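Heads up: the structure comes next, in structure tokens.
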Amino acid sequence: MQEVLETALGRLLKVPVSIVGCGRTDAQVHASQFFFHADIETEWDFDLLFRLNKILPDDIAVFDIIPMQGLPHARFDAIQRSYDYFIHTYKDPFLSGFSSLYPEPNLDLDKMKAAIALLPLYNDYRAFCKMPDRIDHTICNVSSAALFADGDCNRIRFSISSNRFLSKMVRIIVGRLLDIGRGDMSVDEFESHLISKETPKIIIPAYPQGLYLTKVTYPYLDLPTGTTFANSLQSPVNTEWQKV
């Protein structure tokens with residue numbers, strides 16, 4: 001995405017443009033809210049937002065261009081990020097690109113909820129990072145985490161907010177939660193990973209397409225999610241999410 005945006009901006013402004021995004025996502029992971037900053041000295045006398053969206057591919061949309069004073073940083077200034085992970089337990093072609101299919105209708109949601117309740121109690125997520133030695137530290141301050149389901153428990157949503165996330169951290173957590181839901185892992189075993197801080201030899205992250213970066217908050221900027229589709233996933237028609 002970075003290269004695509006930089007190419008489009010450079011094409012319109014006739015100067016090279018470098019951008020800095022609020023974070024990185026794996027292939028097939030969605031972002032319904034994403035910020036980037038660019039230092040642009042060139043002035044323009046046209047509707048940059050309109051022209052930018054006109055030449056960007058269909059899967060990338062820019063909702064606003066906000067002039068900022070000082071030296072704001074899209075990545076380092078963020079104080080909280082929120083992710084949602086969507087699961088459906090029945091085959092639905094209309095959901096296949098936007099929610100992850102796990103055809104397991106008998107997941108134990110209560111045990112999954114018990115494991116999720118542990119997340120804000122710990123702050124070292126080394127056990128949920130594939131390559132922890134490649135980064136400075138694995139401390140993440142999870143402020144909230146919750147599990148939601150529709151009335152039939154055929155669609156499930158896991159939500160989590162933290163000041164930072166490690167690479168594939170949310171997908172790894174969801175993978176463990178699914179293990180708990182199937183009965184392949186106990187809640188105590190899940191907590192032991194949080195306590196021991198030891199990275200398991202085998203880590204299988206959940207599928208990428210169910211994951212959404214849904215909100216990024218700054219001390220000076222707190223905007224609602226800008227996409228109708230993302231909001232419809234969180235509150236689908238004829239479906240009321242219920243907290244487990």
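Free of any trypsin sites (Lys or Arg not before Pro) that DSSP assigns to a loop and that have at most 12 other C-beta atoms within 10 Å, the longest stretch within the chain is 92-200.
Compute, for the range 151-205, the length of the dipole vector about the Cα centre, with Cβ point charges of +1 (Lys, Arg) and -1 (Asp, Glu) only. Units Debye, rounded to 20. Could the numbers behind the result be given before it?
Working: 9 positive and 7 negative charges, 78 e Å.
Here the size comes out at about 380 debye.
More than 11 Å apart: what percent of Cα pairs in the range 14-60 qualify? Walk me through the numbers on the way to the answer.
Details: 841 of 1081 pairs.
Across the range 14-60, Cα pairs with separations above 11 Å total 78 percent.
Backbone phi angles across the range 71-76, fed through the Karplus curve with coefficients 6.51, -1.76 and 1.60 (θ = phi - 60°), yield HN-Hα couplings of 10, x, 10, 4, 8, 7 Hz in residue order; Gly and Pro are listed as x.
In the chain, once you exclude exposed chymotrypsin sites (Phe, Trp or Tyr not before Pro) (DSSP loop, at most 13 other Cβ within 10 angstrom), what's the longest stretch remaining? List each step's numbers first, then the result.
Working: sites that count: W44, F46, F63, F76, Y90, F94, Y220.
Answer - 95-219.
On the beta carbon distance between E240 and A117, with R0 = 22 Å, the FRET formula returns roughly 0.50. The overall shape of the range 33-157, judged from the alpha-carbon gyration tensor, is oblate: a/c is not under 1.5, and a/b is no greater than b/c. One chain, two ends: F76 and K91. Fully extended at 0.36 nm per residue, the span grows by 1.4 nm beyond their Cα-Cα distance.
At q = 0.13 Å⁻¹ the log10 of I(q)/I(0) for the chain amounts to -0.86, computed by Debye summation with a single uniform scatterer per C-alpha, solvent ignored.
Counting protein heavy atoms only, the chain has 50 percent of its accessible area on carbon and sulfur, 1.4 angstrom probe. Rounded to the nearest 20 debye, the dipole magnitude of the chain is 340 debye, with +1 charges on Lys and Arg beta carbons, -1 on Asp and Glu beta carbons, and the Cα centre as origin. In this structure, D188 and K14 have a Cβ-Cβ separation that, at R0 = 45 Å, corresponds to a calculated FRET efficiency of about 0.15. Heavy-atom accessible surface of the range 1-76, averaged per residue, reaches 73 Å², computed with a 1.4 Å probe.
Between E104 and F36, the contour length at 0.36 nm per residue exceeds the alpha carbon distance by 20.7 nm. Between L223 and I55, the simple label model (points 7 Å from Cα in the Cβ direction) yields a spacing of 2.1 nm.
The values are calculated or read from the model by the stated rules, or taken from the named source; none is laboratory data. Keep in mind that what you see is a predicted model, and the values were worked out from it rather than measured. Because the Cβ atoms are built from the backbone with ideal geometry, glycine has one as well, and the counts that use them run over all protein chains shown. The area values use the complete protein model at the heavy-atom level, side chains included, leaving out ligands, DNA and RNA. Shrake-Rupley method; radii C 1.70, N 1.55, O 1.52, S 1.80 Å.
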